[in-house]
Each structure stands twice: as C-alpha cells, then as structure tokens.
Amino acid sequence: MNASIQETCLSLLLAAVAAGLAVTAMGIPGSAHGSIAPSTFPTVIAWLIAALSVLNALVTLRRASGEGQMKAMSARGVGNIVAFLAVSTAYVWLIGQAGFVVATLAYLLIMPVFVCVVSPRHRVRLSRVSFWATLVVFAAIATGAIYGVFVELLNVRF
Amino acid sequence: MQTLVETFNLFSPVALLAILAGTFLGILLGALPGLSAAMAVALLLPITYGLDPISGIGLLLGAFCGAVAGGSVPAILLNMPGTPGSIATTFDAYPMATNGRAGKALGLSVASSFVGGMISAAILILVSPLIAAIALKFGAAEYFSLSILGLMIIVSLAGASLIKGLIAGLVGMLLSTVGADQVTGALRLTFDQMSLLMGVSLLAVIVGLFAVSQLLTDLEKLHEPRTSMKVDNALDGAFPRLREVLRNWKLTLMTSLVGTGVGAVPGAGGSIASIMAYDQAKRVSRTPEAFGKGAPEGVIASESSNNAMVGGALIPMLTLGIPGEGATAVLIGGLMIQGIQPGPTLFDTQSGLVYGIFVAFLLANIMMLFVQWWGIRLFVRLLRVPQHFLLPLIFIFCAVGVFSINSDFFDVYLMIALGVLGFLLARFGFGVAPVVIGLILGGVAETNLRRGLQTFDGSWMPFLTRPISLAFLVLALVFLLMSLRRNYQTAKA
C-alpha cells in the first residue's frame, strides 16, 4: 500500500469519526439564550472536519499516481508501533494492579530488550553479558530515581 | 517601584534553582536528535504542578531556551539538527567540525545563542507592555476575530497543505468543546466518562501529541539501518566565543532582530527564523562564498536568530494569549495549569508576575551561557546514550507526569490515544502544533463568540463593523487566500 492510499484511508477514517461526533453533538441539549446553543460549535467544527477530510482524501487520490514524495509506512514499522503500544498500555494497567515499583521495573527490563530485538543495529548487544548487567542496573536505578522524584518529592500517589 | 518589589519577592532560591534545572534539562533534551523544544517543555510540564507560578514558568522558560540552544550540539558534531531551529547551524558548523574546529563552532554557538536571547529579551520587555495596553481595549468581538486570525496564520504557515493544516487546527478546536458547557452546564462529547466532565486534560493532549507521537516516529524507523552516531571530532578549545560574536555585533544584532521578528509571527518557528537570518547574513557578508564551507558568521547568524526567536514567540503569547508555535502552546498550558490566563489583563492585574516572567527569561539566558560553558563536554557525551534505554524512560516520564496532575489513569490512556493520533497526523503532513493551538484558541473563540452575541443581542454585525475586529478578520482572510494561492501554485508545479 503506497503512502497516498494510506493517507486516503486516514482521511476517510477521520471523516467517519468526525461525522459520528457531529451526529452525537447535534443531540447535545440546551438552547441558545440569545447566543448560540451548546451544540452549535462542536457540530459545526465536526462537520467541517468531516468535509475537509473527504476533500483531502479526494485530493490525495488524484495525485496517487506514484509521484508522492512521502514514504509509505511499512508493515514492520506498524508492527513496531503496535507492539510498543501493547506493552506500554499493559504497563499503565499494571501500575494500577501491581504498584509503580513492580510495574516500572518490569517495563524497564522488557522494553530495552524489545528495542534491541526490533533494531538490527542494537540486536548484537543481546549476546553480550555486559548488556544484561547494564540493563538490570539501569532498570533498578531508573525505577528508584523516578520513584524518588515523583512519589517522594512531588507526592504523587498511585 | 511596587512592581519591582513584587517582582523581586517572587524570586526565591527555589525559583532560581528551578530556572537552572530547567535550562540544564532543556539543553540535555535539546541535544538529543529528534527531541524538539516543544517536547522538552512538554516533558517537564508535570514537574511544575507542585511549584509556585514563577518557579514553574521559570523552569519551562529555562527548558525552552536550553532546548533551542542544545539543538546545536548534534547539529555541529553529527550534522543532525537536534531541533528544527538548528537546521541552518549545520550548514557551516558541521564543516567547521570536520575541519578540526568543533570546539570553536560550539563556542560560537553558545555565545551567539546567549547574545540573541538577551537581545530578544530586551525587545520583549520593551514591546510587550505597549501591545498589552492596546489589547486591553479589546472586547469579545476582537478576541473572537483575533483567535480566528491566530488559527488562520498557524494553519497556513504550519504545513505544506492548507486543507491538512485546517483539519489539524479544527481537531484541536473540537477537543476544546469536550466537557461540561460553561454557560448551560450541558455535557458535550463526554460519552458518560466522568474524567471528561472538566474537558480533556491539557497535559494529556500536549504530552501525547508532542512526546508520545515522537516516540512512535522513532519506533517506526527502528528496524531501518542508520549511519552510526559516532562523535569523533576533537573538541578544540570549547569555550564561549563572546569576543568573536561581539566583534561581529552588526551581524549579531541584525540576525537577532530577524529571529525576534519571525518568532513574534504565529506559526513561523525557529527553522524559518534561522534560515532567514542565515540568508540575510550571507547577503551582507563580504565573503559570501565562504558560507556553507565553515564560515563562523553562518554559525553566529543561525544560533543568534533561533534563540532570539524564543523572546519573539513570548510576545504574542504573553500579551494576547496567542501561542506562536508548539513550545509556546505548551508554555500556555503550563501557565493555565498554574491557574494563570495569559493575555493583556495579566499585565494589568498581575504585573509583578509578568515582570517576574521577563526576569526569569533573562536569567534563563544567563544560566544557559554558564551551563553550556561548563557542561559542553557532558552534552557531547550525551549523544552516546543508547536509544533502547532512552525510549522506555521517556514513556515512563510521560505516563507518570500525566497521571500526577489528576491521579487518573484515564488521562494516561487518553495520552496514548492522542499520541497515536499525533503520530498519524505528523506522519502524513497534517502537523501536531495546529492541534494544540486549536485546542487553546478554540476555547477563546467559542467563549468570546457566545459572549459577544449575548452582548450584541444576537447580532453578528458588530463582529464585522468594529474596526479592530474587522481588521483581524480581513487579515485572516488574506492569510487564507495567500495560503490557497501557494497551494494552487504547488499543485500546478
């Protein structure tokens, strides 16, 4: 799928979401009181986004003959992002379940390994003992430092 | 005199320490390629929540100045601009570095950043009260028209496509409508989610759009081979070259004025400021042929102008409440978190705080000079921090920072979702700065439109008949037409 098709898909997705929000906004109760109703502003903006997104999709399709300068997103690139988002969302969920220290320690042990697995220029590090030793020390120190700054200094409670 | 005493009283040791810490961290983050000044300020925003207003805004101003200046380190040593404002720095600083003059290039960059920042601070202090005094006469109609003008300038200058810029700006405006309506209390687009009753968390939007989206951009390219980031240029005498910069005072003054002027135009940003200043410097130089081959004047022009841009960008932000670009949008977020609404009334009601912000900006520039002087070698070493440690660390900082404001995990999930949106918008050329600016200006536009209509008994005519309001709307139309013309010409080419 080239970049133009990807951009068209994104524009159409934006248009669909905006249209859905516009319909929802039209149902916001409240009268104008000599001004505009609470529903007017979000409804108008959402319809404008929908219309402009469709227009952008059409413009993008018109120049989709391959001369686009933008590079398309690769399946591997999308895979990297989806995996990162899955692990990171799980981390946020885990903070609520297991507490900040356990979740952060686990995240800081898993995520650097994930980055090294994904990246060819970092993958070679996985075979080195020094990498694993540094990883454990890094995870412990970073967890302690973030805990110290936010929980002890700034009084954040998880 | 009373204002002076008030201003002086605002500066506690904590405030001074906060400015120093902000400057240090700003340089640190700016020196990392790919982290913009807006992202640096966004990352530090949660820390300011527990600080008093002057310490909080001082930390953010320090981070803004530091990040812009720090962007020159990878530009000089790796030919890789740390921030967009350092693009023009690579033209001459990198050739200097490859010719064994990396230390001199760094020293010139530090000194010209300082001088540019100080000149723009002086202009900010002189010009802002005058603009604020005029803006105090604005009513609801003028504010509505001004917010439309601000948005139009930004969407027309921010990206290559007007349609995409408009979509991004409108997405921000739509986000500003979420939550309980301020007039009637009606719930708008909350989907029965209690966490959205007071609207979307500004911090979640800012961090999601600027920081998480940047992480996703880096992750997308993670599997691609990249040239090694090896720093092998020897650092000859890396100390600030103030004397050399002052010897070129005409050039420094001219490029600093260009930087401040461009910075004051919403949507223009550091890269335009430095490239315009570089171009001007080349035109007036006696040796234009040396530019691009390691001319010290090129480094002075780029670095003095990109730091002068910071002071310029603060002028519309403080006097009109209009953010000029991403980093100032984040700064406005920082002020709003502190319960301060920037705009002309701030000069009237809290003049001590305004002058405190001016002094904090001056101090941030002075501290930037010393932090870079003593820390230059440390910042160079920072370029070697492995990405596999940096990426997860930044995400944790984002998540914990966003959570810390309301102690609500919903905000963190919202930050992730907006990070994905921001990544997609940036990836396909829509831009993320217009979204945040739309979010801030959307609220201003709607509130003043409704207030204005109520005042004028439901009539729209005063928006078009009041001279200043009409002038803003005409200017907005001019920007729209100019942008349409540019888009048409690009499509034709």
Where B:A132 falls short, out of the listed (1) buried (at least 18 other Cβ atoms within 10 Å of the Cβ); (2) within 14 Å of chain A (Cβ to nearest Cβ); (3) over 30 Å from B:Q387 (Cβ atoms): (2)
Criterion violated by A:R62 - all others in (1) of a type outside the set (A, V, I, L, M); (2) touching a residue at least 12 places away in the same chain (Cβ under 8 Å); (3) more than 8 Å from chain B (Cβ to nearest Cβ) satisfied: (2)
Residues located in the stretch A:103-123, provided they are more than 7 Å from chain B (Cβ to nearest Cβ) and either modelled with pLDDT under 85 or closer than 10 Å to B:P386 by Cβ (or both): A:R123
The stretch A:114-139 - residue that is touching a helix residue (DSSP H, G or I) at 6+ places or on another chain (Cβ under 7 Å) and of a type in the set (A, V, I, L, M) and, of those, farthest from B:G50 (Cα to Cα): A:L126
Answer residue from the stretch A:1-17, given it is part of a helix (DSSP H, G or I) and more than 11 Å from chain B (Cβ to nearest Cβ) and is modelled with the lowest pLDDT among those: A:I5
So B:S147, is it under 19 Å from the mean Cα position of the chain (by Cα), closer than 23 Å to B:G343 by Cβ and among the polar types (S, T, N, Q): yes
Candidates B:G103, B:G66, filtered to the one that is assigned to a helix (DSSP H, G or I) and closer than 23 Å to B:I437 by Cα: B:G66
Qualifying helices (runs of 4 or more DSSP H) (wholly inside the stretch B:322-437; at least 1 residues being among the aliphatic types (A, V, I, L, M) and more than 14 Å from chain A (Cβ to nearest Cβ)): B:326-337, B:344-349, B:351-382
Scan of the stretch A:77-102 for residues that are farther than 19 Å from B:G419 by Cβ and crowded, with 17+ Cβ neighbours inside 10 Å, ordered by number: A:F100
Odd one out for A:S88 among (1) of a type in the set (S, T, Y); (2) assigned to a loop (DSSP other than H, G, I, E, B); (3) outside the structural domain of A:S11 (by TED's automatic domain parsing): (2)
Residue selected from the stretch A:75-102 under the condition under 12 Å from the mean Cα position of the chain (by Cα) and among the small types (G, A, S), by the criterion farthest from the other protein chains (Cβ to nearest Cβ): A:A86
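Each row is one residue, and each column tells you yes or no for (1) within 30 Å of A:A25 (Cβ to Cβ); (2) modelled with pLDDT under 85; (3) buried (at least 22 other Cβ atoms within 10 Å of the Cβ); (4) away from chain A (no Cβ under 13 Å).
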{"residue": "B:S201", "(1), (2), (3), (4)": "yes, no, yes, yes"}
{"residue": "B:S213", "(1), (2), (3), (4)": "yes, no, yes, no"}
{"residue": "B:E224", "(1), (2), (3), (4)": "no, yes, no, no"}
{"residue": "B:A238", "(1), (2), (3), (4)": "no, yes, no, yes"}
{"residue": "B:M254", "(1), (2), (3), (4)": "no, no, no, yes"}
Conditions (1) under 25 Å from the mean Cα position of the chain (by Cα); (2) assigned to a helix (DSSP H, G or I): number failed by A:K71: (2)
Output for the stretch A:18-55, where each listed residue is over 30 Å from A:K71 (Cβ atoms), facing chain B (nearest Cβ under 7 Å) and surrounded by 16 or more Cβ atoms within 10 Å (Cβ to Cβ): A:L21, A:T24, A:A25, A:I28, A:G30, A:S35, A:I36, A:P38, A:F41, A:P42, A:I45, A:A46
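The values are calculated or read from the model by the stated rules, or taken from the named source; none is laboratory data. Remember, it's a predicted structure, so these values are computed and weren't measured experimentally. Glycine gets a Cβ as well: all are built from the backbone with ideal geometry, and neighbour counts include every protein chain shown.
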